[in-house]
Amino acid sequence: MTGVTTIINKSKIALDLSLRLAPAAKAIGPSLRLEAANMRKTGAVITVAGLATDPANNVFQNPLNSPNGLTDLAYFGCIDYNPATDTRKLRDCSCTKYPVVIVEENTTTWDIAGAGRNMFTGYLRGHTTDTLVLDDVSNGRCRIDIDADEAEFNAVTGIYIVYFCDWDHASIQPCQQVYGWLGDEDGMIANNDGDKSRCISWSG
């Protein structure tokens, strides 16, 4: 942390933080913590239900003074908070099947294939359709399709952290690109065409 600014607006107080990520760190985006109690696995599909719908009871979000504040799941689903109406609303960009990375909690070395695998890739989508909608966020539910080695995914006792795919993933969705991405050692990031941009890039 390189700086902190306090913002006071009527009855609300917020902190504006300046952070410096470790070298080679890439993503600045939302995370979602999944406990075994909230997961059921059938084949390669993880059905998630019963997530906390009160922002104050979530793990990674920034709770607002409103029951309409955003939960961890909301950040994966094109959901914004509208302070003018104190409501959640859908964003005007693609919300269909987010490519994500899933990592077993408290692991320092990633096993990316075969027996003992603790890092997976897949697609997060809505409970009944490919699009995560307001109703899914309000009910704390979604699905995740695992790309490979689904038998190694432990939905019985496991705890996993879900976050967005790599910045240059071929299937990245526009709503994922709303979040920032930090460059490598030279402070640059490259898109799929090899074009480079300086350090943190915001596209929405």
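Quick look at the values:
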quantity: When residues of region 45-61 are limited to those that are among the β-branched types (V, I, T) and in contact with a helix residue (DSSP H, G or I) (Cβ under 8 Å, 6 or more places away or on another chain), the one farthest from D149 (Cα to Cα); calculated: T53
quantity: Matching option when the condition is modelled with pLDDT under 85 and touching a Phe, Trp or Tyr at 6+ places or on another chain (Cβ under 9 Å), among K10, K89, K26; calculated: K26
quantity: The lone exception for D147 - which of (1) surrounded by fewer than 17 Cβ atoms within 10 Å (Cβ to Cβ); (2) touching a Phe, Trp or Tyr at 6+ places or on another chain (Cβ under 6 Å) it fails; calculated: (2)
quantity: Contacts under 6 angstrom Cβ, first residue in region 155-176 being surrounded by fewer than 16 Cβ atoms within 10 Å (Cβ to Cβ), partner among the acidic types (D, E) and in a loop (DSSP other than H, G, I, E, B), 6 or more apart; calculated: I159/E35; I159/E105
quantity: One residue from L17, L64 being farther than 27 Å from A170 by Cα and either part of a strand (DSSP E or B) or modelled with pLDDT of 85 or more (or both); calculated: L17
quantity: When residues of region 96-135 are limited to those that are hydrophobic (A, V, I, L, M, F, W, C), under 14 Å from I161 (Cα atoms) and modelled with pLDDT of 90 or more, the one surrounded by the fewest Cβ atoms within 10 Å (Cβ to Cβ); calculated: V103
quantity: Members of region 72-95 found to be crowded, with 16+ Cβ neighbours inside 10 Å and touching a Ser or Thr at 6+ places or on another chain (Cβ under 6 Å), listed by number; calculated: C95
quantity: Residue list for region 97-124, filter: free of Cβ contacts under 8 Å to residues at least 60 places away in the same chain and touching a Ser or Thr at 6+ places or on another chain (Cβ under 7 Å); calculated: N118
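The values are calculated or read from the model by the stated rules, or taken from the named source; none is laboratory data. Predicted model, so just to flag it, every value in this text is computed and none were measured. Here Cβ is always computed from backbone atoms with ideal geometry, including for glycine, and neighbour counts include all displayed protein chains.
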